[in-house]
1. Tell me what the chain gives for mean residue ellipticity at 222 nm when only DSSP H runs of n ≥ 4 count, each as -39,500 (n - 2.57), the sum divided by the residue total, rounded to 500 deg cm²/dmol.
2. Once you have a ≥ b ≥ c as the square roots of the Cα gyration tensor eigenvalues for the chain, tell me rounded if a/c is under 1.5, and otherwise prolate or oblate according to whether a/b is larger than b/c.
3. Between Lys69 and His127, what length in nm is gained on full extension when 0.36 nm per residue of separation is reduced by their alpha carbon distance?
4. Output the pairs from Lys37/Lys64; Lys42/Lys107; Lys8/Lys44; Lys13/Lys87 with a Cα-Cα distance over 25 Å in this structure; if there are none, say none.
5. Rounded to the nearest 20 Debye, what is the dipole magnitude of segment 4-107 about its Cα centre when Lys and Arg each give +1 and Asp and Glu each give -1 at the C-beta?
6. Taking a cut-off of 21 Å between Cα atoms, list the lysines near Lys65, but don't count ones fewer than 8 places away on the same chain.
7. With a 10 Å cut-off between alpha carbons and a GNM built on the chain, which of Ile16, Ile62, Ile43 moves the most?
Amino acid sequence: MISEGESKEMIKKGWIRCWVMIEVMAVGKEVTKEALKKHLDKIKREKGIKIYKKNLEKAEKIGKKIEKKDIYTQIVEMEFVIENLRKLSDFVMVYGPSALEILEPEKIQIDMNEAQEMLNRIATLLHSFTTARMQNALIPK
């Protein structure tokens, strides 16, 4: 993790400051905690992302069950700086935050090639979901 002061210096160099909330749900308290820990460890290793604030909630049982097993949820809220908008769109696609807010800067400029690359990556991801859904619908039950 970096300090908040270091994050402000990075913003001056063009990085983007964000807040995110990520939620994990799983069957079993330990499974939930371990899944979120692995998720966070992977984020920490990402190049171009520097976390400066993190609040990890306790894993809590929710009212629903799957096959008579308790379901747990755990949430982490983080603030971080990230290198650029393309990296942020990749972050969203890979880590699937429940909520995201761009805190700074107020305006972001992006060249056309970078915008096209981001949108094509998003389109590819959505296309793969649609293909998987269609294949699943065609499988006899």
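1. Helix-only estimate at 222 nm: -15000 deg cm²/dmol.
2. On the way: a/c = 2.97, a/b = 1.27, b/c = 2.35.
Here the chain falls in the oblate category.
3. Numbers: separation 58, 0.36 × 58 = 20.88 nm, distance 3.37 nm.
Length gained between Lys69 and His127: 17.5 nm.
4. On the way: Lys37/Lys64 23 Å; Lys42/Lys107 29 Å; Lys8/Lys44 19 Å; Lys13/Lys87 15 Å.
Correct reply: Lys42/Lys107.
5. Values: 24 positive and 19 negative charges, 62 e Å.
Here the size comes out at about 300 debye.
6. Within the straight-line cut-off, Lys65 pairs with Lys29, Lys33.
7. The residue with the greatest mean-square fluctuation here is Ile62.
Every number here is computed from the coordinates shown, using simple stated rules; none is lab data. Since we're looking at a predicted model, the values are computed, not measured. When we count neighbours, we look across all protein chains shown, and the Cβ atoms used for this are built from the backbone with ideal geometry, even at glycine.
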